[in-house]
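Bear in mind that the values in this text are calculations on the coordinates, not laboratory data. None of these values were measured; they are calculated from a predicted model. Note that we place each Cβ from the backbone using ideal geometry, even for glycine, and neighbour counts take in every protein chain shown.
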Amino acid sequence: MNLLGIHHIAIICSNYDRSKHFYVELLGFAIVQETYRTARNSYKLDLQAGNAQIELFSFSEPPDRVNSPEACGLRHLAFSVDNLDAIIADLNTKGIPTESIRLDDLTGKRFTFFQDPDGLPLELYES
């Protein structure tokens, strides 16, 4: 088996317009393609995220996410950044709160967390 990397990460949002604004306008991900699926009354938004993509889905009345960071399943989504302080300042000026900077005990690298509009934990990890 030869897995080449991550192709995409799929996120289901509760409010498509709010999440599209967050990921495109506030975080700056470029739109690859936006598709409205009439049969599902649902949008699928493909966003470029470095060498991978984020697929943002809208479904009517999706169930709430289990929001405990220690729950089984996807824990969080992490983005690599080269200047953690600059990204934090940018997010904060856009009204997006971030947690205190932490230090990875294993690598010595700095990181922090923030949340998307649905409470999905997002991490910024300084390269």
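Assorted remarks:
- When each of PHE59, PHE113, PHE22 is scored by the number of other beta-carbon atoms lying within 10 Å, the sequence from fewest to most is PHE59, PHE113, PHE22.
- Cα-based shape type of the stretch 76-127, given that a ≥ b ≥ c are square roots of the gyration tensor eigenvalues and the cut on a/c is 1.5: oblate
- If only the Cβ of Lys and Arg carry +1 and only the Cβ of Asp and Glu carry -1, the dipole of the stretch 1-61 around its Cα centre is close to 100 debye.
- The chain: antiparallel DSSP beta bridges as a percent of all, rounded to 5: 65 percent
- With R₀ set to 35 Å, the beta-carbon distance separating CYS72 from LYS94 gives a calculated FRET efficiency near 0.65.
- Annotation: the antiparallel percentage among DSSP beta bridges lying fully within the stretch 1-61 is about 70.
- By the beta-carbon count within 10 Å of each Cβ, the least crowded to most crowded order of VAL81, VAL32, fewest first, is VAL32, VAL81.
- Given charges at beta-carbon only (K, R positive; D, E negative), |dipole| of the chain in Debye: 300 debye
- Pairs of Cα atoms nearer than 8 Å and 6+ residues apart set the relative contact order; for the stretch 1-61 it is 40 percent.
- Extension gain, LEU103 to PHE79: 0.36 nm times the residue separation minus the Cα-Cα distance gives 7.1 nm.
- Whether the stretch 1-61 is rounded, prolate or oblate, judged on the alpha carbon gyration tensor where a/c under 1.5 counts as rounded: oblate
- Separation of the stretch 1-67 from the stretch 71-91 is 17 Å, based on Cα centroids.
- Sorting ARG65, ARG40 from the fewest to the most surrounding beta carbons within 10 angstrom yields ARG40, ARG65.
- Relative contact order (percent, whole number), the chain, Cα cutoff 8 Å, 6+ residue spacing: 22 percent
- Simple spin-label estimate for ARG110 and GLU34 in nanometres, 7 Å along Cα-Cβ: 3.5 nm
- Label-point separation in nm, SER127 to ILE12, each point 7 Å along Cα→Cβ: 3.3 nm
- Inverse of mean 1/r across different Cα pairs in the chain, Kirkwood, Å: 15.9 Å
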